[in-house]
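**Q** Okay, handing you the structure first.
The values are calculated or read from the model by the stated rules, or taken from the named source; none is laboratory data. Keep in mind that this is a model prediction, so the values were computed, not measured. With ideal geometry, Cβ positions are generated from the backbone for all residues, glycine too; neighbour counts draw on all protein chains shown.
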Amino acid sequence: MNLNQWFIIVIILFVFGLTLYAQDKPILIPALEGEWVHVAHNPDIGEYQGENQQPVDFGVWQARDGSWQLWSCIRGTKAGGTGRLFHGWEGKCLTQPDWTPKGVVMTADTSVGETPGGLQAPHVVMHNNLYYMAYGDWNNICFATSFDGKTFTRVIRQNGNTGAFSDGPGANTRDAMMLKVGNEWLCYYTAFPPATPPAPETSHGYVFVRRSCDLYNWSDSTVVSYGGKAGNNIWSCECPHVVAYDGKYYLFRTQRYGLDALTTVYCSLNPYHFGIDNDQYLVCEIKVAAPEIIIHQGKYYLAALDPNYDGIRITPLKWIPKPEEPQKQSDQ
(Lines give C-alpha, C1' and ligand atoms only; values in the text may rest on other atoms or scores of the structure.)
Protein backbone atom coordinates (compact mmCIF):
# COMPACT_ATOMS: atom_id res chain seq x y z
CA MET A 1 0.00 0.00 0.00
CA ASN A 2 1.51 3.33 -1.07
CA LEU A 3 1.55 6.65 0.77
CA ASN A 4 -1.43 8.09 -1.14
CA GLN A 5 -3.59 5.10 -0.27
CA TRP A 6 -2.67 5.42 3.40
CA PHE A 7 -3.52 9.13 3.25
CA ILE A 8 -6.98 8.40 1.81
CA ILE A 9 -7.65 5.82 4.53
CA VAL A 10 -6.63 8.29 7.24
CA ILE A 11 -8.97 10.95 5.79
CA ILE A 12 -11.88 8.49 5.63
CA LEU A 13 -11.32 7.40 9.24
CA PHE A 14 -11.05 11.03 10.33
CA VAL A 15 -14.35 11.98 8.66
CA PHE A 16 -16.00 8.85 10.08
CA GLY A 17 -14.74 9.78 13.55
CA LEU A 18 -16.12 13.30 13.24
CA THR A 19 -19.50 11.90 12.21
CA LEU A 20 -19.62 9.58 15.23
CA TYR A 21 -18.57 12.47 17.47
CA ALA A 22 -21.34 14.70 16.10
CA GLN A 23 -23.90 11.91 16.53
CA ASP A 24 -23.00 11.50 20.20
CA LYS A 25 -23.21 15.20 20.99
CA PRO A 26 -26.58 16.47 22.28
CA ILE A 27 -28.73 18.51 19.92
CA LEU A 28 -28.66 22.23 20.55
CA ILE A 29 -31.42 24.53 19.33
CA PRO A 30 -31.41 28.25 18.44
CA ALA A 31 -32.95 30.70 20.92
CA LEU A 32 -33.38 34.45 20.65
CA GLU A 33 -31.34 36.40 23.18
CA GLY A 34 -31.70 40.06 24.09
CA GLU A 35 -33.72 42.88 22.60
CA TRP A 36 -34.49 43.42 18.93
CA VAL A 37 -32.69 46.27 17.18
CA HIS A 38 -34.53 47.74 14.21
CA VAL A 39 -31.91 48.40 11.54
CA ALA A 40 -34.18 49.18 8.57
CA HIS A 41 -37.64 50.66 8.20
CA ASN A 42 -40.19 50.89 5.39
CA PRO A 43 -38.34 53.24 3.01
CA ASP A 44 -39.29 56.22 0.89
CA ILE A 45 -38.64 55.00 -2.67
CA GLY A 46 -39.78 58.08 -4.54
CA GLU A 47 -41.43 57.39 -7.88
CA TYR A 48 -41.84 53.72 -6.99
CA GLN A 49 -43.62 54.40 -3.69
CA GLY A 50 -46.66 52.16 -3.19
CA GLU A 51 -49.48 52.79 -0.76
CA ASN A 52 -49.24 49.29 0.71
CA GLN A 53 -45.56 48.50 0.07
CA GLN A 54 -43.76 46.14 2.44
CA PRO A 55 -40.09 45.25 3.02
CA VAL A 56 -39.85 41.47 2.90
CA ASP A 57 -37.11 38.91 2.08
CA PHE A 58 -33.62 40.36 2.49
CA GLY A 59 -29.88 39.73 2.73
CA VAL A 60 -27.27 41.11 5.17
CA TRP A 61 -23.49 41.06 4.62
CA GLN A 62 -20.31 42.98 5.43
CA ALA A 63 -18.76 44.92 2.54
CA ARG A 64 -15.03 45.14 1.85
CA ASP A 65 -14.74 48.48 3.68
CA GLY A 66 -16.23 46.91 6.85
CA SER A 67 -19.66 48.52 6.53
CA TRP A 68 -22.80 46.42 6.78
CA GLN A 69 -25.10 46.17 3.79
CA LEU A 70 -28.76 45.18 3.77
CA TRP A 71 -30.83 44.76 0.62
CA SER A 72 -34.51 43.96 0.95
CA CYS A 73 -37.15 43.08 -1.59
CA ILE A 74 -39.87 45.73 -1.36
CA ARG A 75 -43.19 44.40 -2.58
CA GLY A 76 -46.32 46.35 -3.47
CA THR A 77 -44.39 49.12 -5.25
CA LYS A 78 -45.06 50.91 -8.53
CA ALA A 79 -42.19 49.11 -10.23
CA GLY A 80 -44.60 47.49 -12.68
CA GLY A 81 -45.16 43.81 -13.30
CA THR A 82 -45.25 41.97 -9.98
CA GLY A 83 -44.25 45.20 -8.18
CA ARG A 84 -40.96 44.24 -6.53
CA LEU A 85 -37.51 45.84 -6.38
CA PHE A 86 -34.46 45.99 -4.09
CA HIS A 87 -33.79 48.81 -1.63
CA GLY A 88 -30.54 49.07 0.32
CA TRP A 89 -29.33 50.28 3.71
CA GLU A 90 -25.84 50.70 5.17
CA GLY A 91 -24.75 50.44 8.82
CA LYS A 92 -21.45 51.06 10.57
CA CYS A 93 -22.16 48.40 13.20
CA LEU A 94 -24.25 45.25 12.94
CA THR A 95 -26.27 46.08 16.05
CA GLN A 96 -26.56 49.82 15.40
CA PRO A 97 -30.22 50.87 14.96
CA ASP A 98 -31.57 52.80 11.98
CA TRP A 99 -29.07 52.13 9.22
CA THR A 100 -28.71 54.74 6.48
CA PRO A 101 -31.11 54.24 3.53
CA LYS A 102 -29.24 53.97 0.22
CA GLY A 103 -32.25 54.11 -2.08
CA VAL A 104 -33.37 51.74 -4.81
CA VAL A 105 -30.34 49.57 -5.63
CA MET A 106 -31.76 47.21 -8.28
CA THR A 107 -34.85 46.81 -10.43
CA ALA A 108 -35.69 43.97 -12.81
CA ASP A 109 -34.03 44.10 -16.24
CA THR A 110 -36.32 42.64 -18.88
CA SER A 111 -33.59 42.93 -21.54
CA VAL A 112 -31.79 39.99 -19.87
CA GLY A 113 -34.91 37.89 -19.41
CA GLU A 114 -36.03 39.02 -15.96
CA THR A 115 -39.72 39.26 -15.09
CA PRO A 116 -40.95 42.87 -14.76
CA GLY A 117 -41.04 43.75 -11.07
CA GLY A 118 -39.96 40.22 -10.17
CA LEU A 119 -36.87 40.66 -7.96
CA GLN A 120 -36.88 38.47 -4.84
CA ALA A 121 -34.72 37.58 -1.83
CA PRO A 122 -31.06 38.61 -2.31
CA HIS A 123 -28.33 36.60 -0.55
CA VAL A 124 -24.59 37.36 -0.64
CA VAL A 125 -21.44 35.28 -0.02
CA MET A 126 -17.72 35.73 -0.70
CA HIS A 127 -16.04 33.40 -3.25
CA ASN A 128 -12.57 33.76 -4.78
CA ASN A 129 -12.28 37.33 -3.44
CA LEU A 130 -15.55 38.38 -5.08
CA TYR A 131 -18.98 38.96 -3.60
CA TYR A 132 -21.67 36.80 -5.20
CA MET A 133 -25.34 37.69 -4.88
CA ALA A 134 -28.04 35.13 -5.62
CA TYR A 135 -31.49 36.56 -6.25
CA GLY A 136 -34.78 35.53 -7.79
CA ASP A 137 -36.41 37.10 -10.85
CA TRP A 138 -39.78 35.38 -10.16
CA ASN A 139 -38.99 32.40 -12.39
CA ASN A 140 -35.23 31.84 -12.07
CA ILE A 141 -32.34 32.11 -9.64
CA CYS A 142 -29.89 34.68 -10.98
CA PHE A 143 -26.48 35.94 -9.87
CA ALA A 144 -24.54 39.20 -9.68
CA THR A 145 -20.97 39.90 -8.56
CA SER A 146 -19.16 42.75 -6.86
CA PHE A 147 -15.63 43.58 -5.77
CA ASP A 148 -16.54 46.05 -3.03
CA GLY A 149 -19.73 44.35 -1.82
CA LYS A 150 -21.79 47.44 -2.61
CA THR A 151 -22.16 47.77 -6.38
CA PHE A 152 -23.19 44.57 -8.16
CA THR A 153 -23.03 43.58 -11.83
CA ARG A 154 -25.35 40.93 -13.22
CA VAL A 155 -23.86 37.66 -14.44
CA ILE A 156 -25.13 37.23 -18.00
CA ARG A 157 -25.34 33.65 -19.22
CA GLN A 158 -24.40 32.41 -22.70
CA ASN A 159 -28.02 32.76 -23.82
CA GLY A 160 -27.96 36.48 -22.98
CA ASN A 161 -30.16 36.14 -19.89
CA THR A 162 -29.42 36.12 -16.16
CA GLY A 163 -31.37 33.00 -15.19
CA ALA A 164 -28.95 30.34 -13.89
CA PHE A 165 -31.55 27.69 -13.06
CA SER A 166 -35.25 27.20 -12.46
CA ASP A 167 -37.69 24.47 -11.48
CA GLY A 168 -39.95 25.29 -14.36
CA PRO A 169 -42.39 27.92 -15.62
CA GLY A 170 -44.86 28.95 -12.95
CA ALA A 171 -42.86 27.35 -10.11
CA ASN A 172 -41.80 30.75 -8.70
CA THR A 173 -38.23 29.55 -8.04
CA ARG A 174 -37.03 31.92 -5.28
CA ASP A 175 -35.46 32.60 -1.87
CA ALA A 176 -31.95 31.31 -2.65
CA MET A 177 -29.22 31.11 -0.01
CA MET A 178 -25.71 29.66 -0.31
CA LEU A 179 -23.62 27.63 2.11
CA LYS A 180 -20.16 26.19 1.46
CA VAL A 181 -19.75 22.55 2.49
CA GLY A 182 -16.30 21.13 1.77
CA ASN A 183 -15.24 22.24 -1.70
CA GLU A 184 -18.78 22.78 -2.96
CA TRP A 185 -21.35 25.51 -2.65
CA LEU A 186 -24.87 24.40 -1.84
CA CYS A 187 -27.71 26.66 -2.94
CA TYR A 188 -30.94 26.11 -1.03
CA TYR A 189 -34.16 27.64 -2.35
CA THR A 190 -37.89 27.06 -2.61
CA ALA A 191 -40.34 26.59 -5.47
CA PHE A 192 -43.73 25.03 -6.17
CA PRO A 193 -43.55 23.06 -9.42
CA PRO A 194 -47.00 23.15 -11.04
CA ALA A 195 -49.26 20.22 -10.37
CA THR A 196 -51.06 18.30 -13.13
CA PRO A 197 -53.36 19.94 -14.01
CA PRO A 198 -51.59 23.17 -12.96
CA ALA A 199 -53.40 24.92 -10.12
CA PRO A 200 -51.94 26.77 -7.09
CA GLU A 201 -54.34 25.03 -4.71
CA THR A 202 -53.02 21.61 -5.73
CA SER A 203 -49.32 22.54 -6.03
CA HIS A 204 -46.87 22.00 -3.18
CA GLY A 205 -43.87 23.93 -1.88
CA TYR A 206 -40.49 22.23 -1.49
CA VAL A 207 -37.03 23.12 -0.24
CA PHE A 208 -34.52 22.26 -2.97
CA VAL A 209 -30.73 22.24 -3.10
CA ARG A 210 -28.27 22.43 -6.01
CA ARG A 211 -24.48 22.04 -5.95
CA SER A 212 -21.69 24.02 -7.58
CA CYS A 213 -17.92 24.41 -7.37
CA ASP A 214 -17.82 27.82 -9.11
CA LEU A 215 -21.24 29.44 -8.46
CA TYR A 216 -21.87 29.37 -12.21
CA ASN A 217 -22.45 25.74 -13.20
CA TRP A 218 -25.13 24.04 -11.10
CA SER A 219 -26.30 20.47 -10.58
CA ASP A 220 -29.88 19.28 -10.97
CA SER A 221 -32.18 19.96 -8.02
CA THR A 222 -32.74 17.66 -5.04
CA VAL A 223 -35.59 17.97 -2.54
CA VAL A 224 -34.21 18.31 1.01
CA SER A 225 -37.38 19.18 2.92
CA TYR A 226 -41.12 18.93 2.32
CA GLY A 227 -44.38 18.59 4.20
CA GLY A 228 -44.66 17.37 7.76
CA LYS A 229 -45.97 19.59 10.54
CA ALA A 230 -44.91 22.73 8.66
CA GLY A 231 -47.36 21.92 5.87
CA ASN A 232 -47.12 21.29 2.14
CA ASN A 233 -48.85 24.26 0.52
CA ILE A 234 -47.01 26.59 -1.87
CA TRP A 235 -45.93 28.89 0.98
CA SER A 236 -44.85 26.19 3.45
CA CYS A 237 -41.14 26.26 2.56
CA GLU A 238 -40.45 30.00 2.39
CA CYS A 239 -36.99 31.51 2.89
CA PRO A 240 -34.99 28.33 3.60
CA HIS A 241 -31.80 29.19 5.46
CA VAL A 242 -29.20 26.59 6.48
CA VAL A 243 -26.40 27.10 9.00
CA ALA A 244 -23.70 24.66 10.11
CA TYR A 245 -23.26 24.50 13.88
CA ASP A 246 -21.64 22.03 16.28
CA GLY A 247 -21.11 19.40 13.58
CA LYS A 248 -24.73 19.53 12.43
CA TYR A 249 -26.81 21.42 9.87
CA TYR A 250 -29.84 23.49 10.82
CA LEU A 251 -32.58 24.34 8.32
CA PHE A 252 -34.83 27.32 9.09
CA ARG A 253 -38.05 27.11 7.04
CA THR A 254 -40.77 29.79 7.25
CA GLN A 255 -44.51 29.04 7.02
CA ARG A 256 -46.12 32.31 8.11
CA TYR A 257 -45.38 36.03 8.00
CA GLY A 258 -46.75 38.98 9.96
CA LEU A 259 -48.01 39.04 13.53
CA ASP A 260 -48.48 35.25 13.42
CA ALA A 261 -44.98 34.62 12.01
CA LEU A 262 -43.63 31.09 12.33
CA THR A 263 -40.43 29.34 11.24
CA THR A 264 -39.76 25.64 11.75
CA VAL A 265 -36.18 24.52 12.50
CA TYR A 266 -34.73 21.13 11.54
CA CYS A 267 -31.38 19.59 12.57
CA SER A 268 -29.56 16.95 10.51
CA LEU A 269 -26.09 15.50 10.08
CA ASN A 270 -26.77 15.45 6.33
CA PRO A 271 -27.03 18.84 4.53
CA TYR A 272 -29.03 17.11 1.77
CA HIS A 273 -31.80 15.70 3.94
CA PHE A 274 -34.01 17.39 6.55
CA GLY A 275 -37.09 15.19 6.30
CA ILE A 276 -39.44 14.40 3.41
CA ASP A 277 -43.06 14.58 4.58
CA ASN A 278 -42.07 13.73 8.16
CA ASP A 279 -40.80 15.49 11.28
CA GLN A 280 -37.86 13.21 12.05
CA TYR A 281 -35.43 16.15 12.13
CA LEU A 282 -37.73 18.85 13.53
CA VAL A 283 -36.23 20.36 16.69
CA CYS A 284 -38.13 23.60 17.42
CA GLU A 285 -40.22 26.49 16.15
CA ILE A 286 -39.45 30.20 16.44
CA LYS A 287 -41.92 33.04 16.00
CA VAL A 288 -40.11 34.96 13.26
CA ALA A 289 -40.35 35.18 9.47
CA ALA A 290 -37.59 35.03 6.84
CA PRO A 291 -34.72 34.58 9.33
CA GLU A 292 -31.08 34.98 8.31
CA ILE A 293 -28.27 33.83 10.61
CA ILE A 294 -25.26 36.16 10.75
CA ILE A 295 -21.93 35.12 12.31
CA HIS A 296 -19.71 38.03 13.33
CA GLN A 297 -16.59 37.88 15.50
CA GLY A 298 -17.56 34.43 16.74
CA LYS A 299 -21.05 35.50 17.80
CA TYR A 300 -24.38 34.55 16.25
CA TYR A 301 -27.16 36.95 15.35
CA LEU A 302 -30.58 36.48 13.79
CA ALA A 303 -32.13 39.00 11.41
CA ALA A 304 -35.83 38.77 10.61
CA LEU A 305 -38.79 40.75 9.33
CA ASP A 306 -40.66 43.15 11.57
CA PRO A 307 -44.03 41.48 12.31
CA ASN A 308 -45.81 44.64 11.09
CA TYR A 309 -43.98 44.54 7.74
CA ASP A 310 -42.27 47.77 8.75
CA GLY A 311 -38.63 46.77 8.22
CA ILE A 312 -35.83 44.46 9.35
CA ARG A 313 -34.62 43.76 12.89
CA ILE A 314 -31.64 41.95 14.45
CA THR A 315 -31.10 40.20 17.80
CA PRO A 316 -28.33 38.05 19.31
CA LEU A 317 -28.80 34.30 18.95
CA LYS A 318 -27.70 31.62 21.39
CA TRP A 319 -27.69 27.83 21.24
CA ILE A 320 -29.26 25.92 24.11
CA PRO A 321 -29.91 22.23 24.86
CA LYS A 322 -33.09 20.89 23.33
CA PRO A 323 -35.70 20.44 26.08
CA GLU A 324 -36.64 16.85 26.74
CA GLU A 325 -40.12 15.95 25.60
CA PRO A 326 -42.40 14.84 28.44
CA GLN A 327 -42.89 11.12 28.51
CA LYS A 328 -46.40 9.90 27.75
CA GLN A 329 -47.98 7.91 30.54
CA SER A 330 -49.23 4.53 29.49
CA ASP A 331 -52.86 3.63 30.06
CA GLN A 332 -53.12 1.07 32.82
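**Q** Evaluate the stretch 210-230: report whether one residue or more is out of contact with any strand residue (DSSP E or B) (no Cβ under 9 Å at 6 or more places or on another chain) and either among the basic types (Lys, Arg) or under 27 Å from Val56 (Cα atoms) (or both).
**A** For the stretch 210-230, residues out of contact with any strand residue (DSSP E or B) (no Cβ under 9 Å at 6 or more places or on another chain) and either among the basic types (Lys, Arg) or under 27 Å from Val56 (Cα atoms) (or both): absent.
**Q** Can you say whether Tyr250 is assigned to a strand (DSSP E or B), out of contact with any Cys (no Cβ under 8 Å at 6 or more places or on another chain) and within 17 Å of Leu179 (Cβ to Cβ), as far as the supplied structure shows?
**A** It is false that Tyr250 is assigned to a strand (DSSP E or B), out of contact with any Cys (no Cβ under 8 Å at 6 or more places or on another chain) and within 17 Å of Leu179 (Cβ to Cβ).
**Q** Looking for whichever is among the hydroxyl-bearing types (Ser, Thr, Tyr), surrounded by fewer than 20 Cβ atoms within 10 Å (Cβ to Cβ) and at pLDDT 95 or above here; the options are Thr202, Thr173, Thr145. Which one fits?
**A** Thr145
**Q** Something else about it: Residues being more than 20 Å from the chain's Cα centre (by Cα) and either closer than 21 Å to Cys239 by Cα or not polar (S, T, N, Q) (or both): count how many of those fall in the stretch 39-76.
**A** Of the residues in the stretch 39-76, 15 are more than 20 Å from the chain's Cα centre (by Cα) and either closer than 21 Å to Cys239 by Cα or not polar (S, T, N, Q) (or both).
**Q** With the requirement that a residue be outside any strand (DSSP E or B) and in contact (Cβ under 8 Å) with a residue 60 or more places away in the chain, what does the stretch 44-66 give you?
**A** Correct list: Ala63, Arg64, Asp65.
**Q** Next question. Within the stretch 125-162, count every residue that is of a type in the set (A, V, I, L, M, F, W, C), touching a residue at least 60 places away in the same chain (Cβ under 8 Å) and either in contact with a Lys or Arg (Cβ under 8 Å, 6 or more places away or on another chain) or in a loop (DSSP other than H, G, I, E, B) (or both).
**A** 4
**Q** Let me ask something additional. Checking Thr115 against (1) at pLDDT below 95; (2) within 22 Å of Ile74 (Cα to Cα), only one condition comes out false. Which one?
**A** (1)
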